[in-house]
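The values are calculated or read from the model by the stated rules, or taken from the named source; none is laboratory data. What you are looking at is a predicted structure, and each value in this text was computed from that prediction instead of being measured. Here the Cβ positions follow ideal geometry from the backbone for every residue, glycine too, while neighbour counts run over all protein chains shown.
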Amino acid sequence: MTQTNTKPRTATVLKPARPPLHKVILINDDFTPRDFVVSLLKAEFRVPEAQALAIMLTAHTRGACVVAVFTREIAEAKANRATEIARSKGYPLLFTTEPEE
C-alpha cells in the first residue's frame, strides 16, 4: 500500500469589493460667517477645531475644499444634512459630493 501525503485544501475566501468612496466638498460663499462654518464642520464631520479652521480657510482661499471621504451613502447624507443645517439658519453654504479617483 502506498501512502500519499495529501494536504487539506484551504478554502478560498472571496473578499467583497470595497465600496467606491466619495469626497464631501465644502463650496465657499461670501455670506456664511466663518465661525458658523467651523462650528458646523466640528458638529457634523467631527473634526477638531484646528482642522475645521484649516478646511474653512482652504475653501475660502481656493473656492472649495475636501472635508472628508466616506462611502457614497454616508457622504451624501452628511453633505445634505450640513447643507440643510446651513439653510435652516439662512446661510447659502453648500456641501457637495463627488467620486474619489
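Please find, within segment 1-58, the residue that is modelled with the highest pLDDT out of those that are more than 30 Å from Ser88 (Cα to Cα) and charged (D, E, K, R).
Arg18
Sub-6 Å Cβ pairs linking a first residue in segment 86-98 that is in a loop (DSSP other than H, G, I, E, B) to a second residue that is buried (at least 16 other Cβ atoms within 10 Å of the Cβ) and at pLDDT 95 or above, at least 6 apart or interchain, are Tyr91/Thr32; Leu93/Thr32; Leu93/Ala86, ordered by first then second residue.
When segment 61-84 is filtered for residues that are surrounded by fewer than 17 Cβ atoms within 10 Å (Cβ to Cβ), of a type outside the set (Ser, Thr, Tyr) and in a helix (DSSP H, G or I), the ones remaining, listed by number, are Arg62, Arg72, Glu73, Ile74, Glu76, Ala77, Asn80, Arg81, Glu84. Scanning segment 14-43 for residues that are surrounded by 11 or more Cβ atoms within 10 Å (Cβ to Cβ), out of contact with any Pro (no Cβ under 9 Å at 6 or more places or on another chain) and in a helix (DSSP H, G or I) returns Arg34, Phe36, Val37, Val38, Ser39, Leu40, Leu41, Ala43.
Pairing residues of segment 60-85 that are under 18 Å from Asn28 (Cα atoms) and of a type in the set (Phe, Trp, Tyr) with residues that are at pLDDT below 95 and in a helix (DSSP H, G or I), at Cβ distances under 6 Å and at least 6 apart in sequence or on separate chains, gives no pairs at all.
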